[in-house]
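The values are calculated or read from the model by the stated rules, or taken from the named source; none is laboratory data. Because the structure is predicted, anything quoted here is derived from the model rather than measured. In this analysis, Cβ positions are derived from the backbone assuming ideal geometry, glycine residues included, and neighbour counts consider all displayed protein chains. Surface accessibility is based on the protein's heavy atoms, side chains included, excluding ligands, DNA and RNA. Shrake-Rupley method; radii C 1.70, N 1.55, O 1.52, S 1.80 Å.
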Amino acid sequence: MIDAPDRMPLAREFFDRPVLEVAPDLLGRTLVRRTPDGPIEVRLTEVEAYAGEADPGSHAYRGRTQRNASMFGPPGHAYVYFIYGMWFSLNLVCGPEGTASGVLLRGAEVTKGADLARERRPKARKDRELAQGPARLATALDIDRTLNGIDICAGPEAPLSVLFGTPVPASRIRSGPRTGVGGEGAAHPWRFWADGDPTVSPYRAHVPRHRGKQE
DNA sequence: ACATTGATGCTCT
DNA sequence: GAGCATCAATGTG
């Protein structure tokens, strides 16, 4: 049985391009997470681009560290990081090895394996909330730090793959400032989403948190 | 519907 | 020690 055209995996060349080309081009694509219990598939609806060492909003801004090492690796690999003491986020590494760009996956619609996703997201009241937000997406897809650095172009058995899917046409893509990114990084409209899709997460502007004594 | 805030621990300075 | 590419519960309308 031959795969339908929309089930063809995206090759490494897809990711070996400038991140601002790759990010909007990922919208509508199918992300496959293969778990021991079976596959979970989502249709990507919201992403953010992080543009290498020159981007003040990026984890790579201050150069290579132990945490961000996989961002500096070859394209078509995963960068998974732990945040707020509780959550994971999944990025797809773009651009040539030695550079450090990536696309944060922020929102998606679960299209297959919804029963598995619901088990992992028992607090989701509606199916559209299963993967609405980066940490929710990672939780629904059973993503953790063991997937950091893995090759997502490694073939039909890989834990993660991206399939062709049905790309969102450019006329339906919107862009704006990235969520939770402040400073000079806030100026760039590097968040991309599918207009009107209910699985796009609510925008939250960056709020500087001052802790400790105040007044 | 929207605003506010606690939870929780890792990473880098 | 400060800050974090967040979520969910709580409060108010």
_Relative contact order [Cα under 8 Å, 6+ residues apart], region A:3-81, whole percent_ = 23 percent
*Given the Cα-Cα distance of A:Arg145 and A:Arg125 and 0.36 nm per residue of separation, how much length would full extension add, in nm?*
4.6 nm
_Distance (nanometres) between label positions extended 7 Å along Cα→Cβ at A:Arg64 and A:Glu21_ = 2.5 nm
*Residues whose placed amide H lies under 5 Å from that of A:Ser201, excluding near-sequence neighbours*: A:Gly133
*State, as an integer percentage, the relative contact order of region A:5-194 based on alpha-carbon contacts under 8 Å between residues 6 or more apart.*
30 percent
*Between rounded, prolate and oblate, where does region A:84-188 land on the alpha carbon gyration tensor, with a ≥ b ≥ c its root eigenvalues, rounded for a/c under 1.5, else prolate if a/b exceeds b/c?*
rounded
*Computed lengthening from A:Ser175 to A:Thr35, 0.36 nm per intervening residue step minus Cα-Cα distance*: 47.2 nm
*What ³J(HN,Hα) values, in whole Hz, does the Karplus curve 6.51 cos²θ - 1.76 cosθ + 1.60 give for region A:112-121 when θ = phi - 60°, with x put for Gly and Pro?*
7, x, 4, 4, 5, 5, 5, 4, 7, 10
*asked:* Suppose all protein chains stay in the model; what accessible area per residue would a 1.4 Å probe give for chain A, in Å²?
replied: 52 Å²
*Give me the percent of the accessible area of chain A that comes from carbon and sulfur atoms, probe 1.4 Å, all protein chains in place.*
53 percent
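In what sequence, largest accessible area first, do A:Met8, A:Met71 appear using a 1.4 Å probe?
Descending order: A:Met8, A:Met71.
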*Can you give me the P(r) profile for chain A? Cα pairs, bins 10 angstrom wide beginning at 0, each as a whole percent.*
9, 36, 39, 14, 2, 0, 0
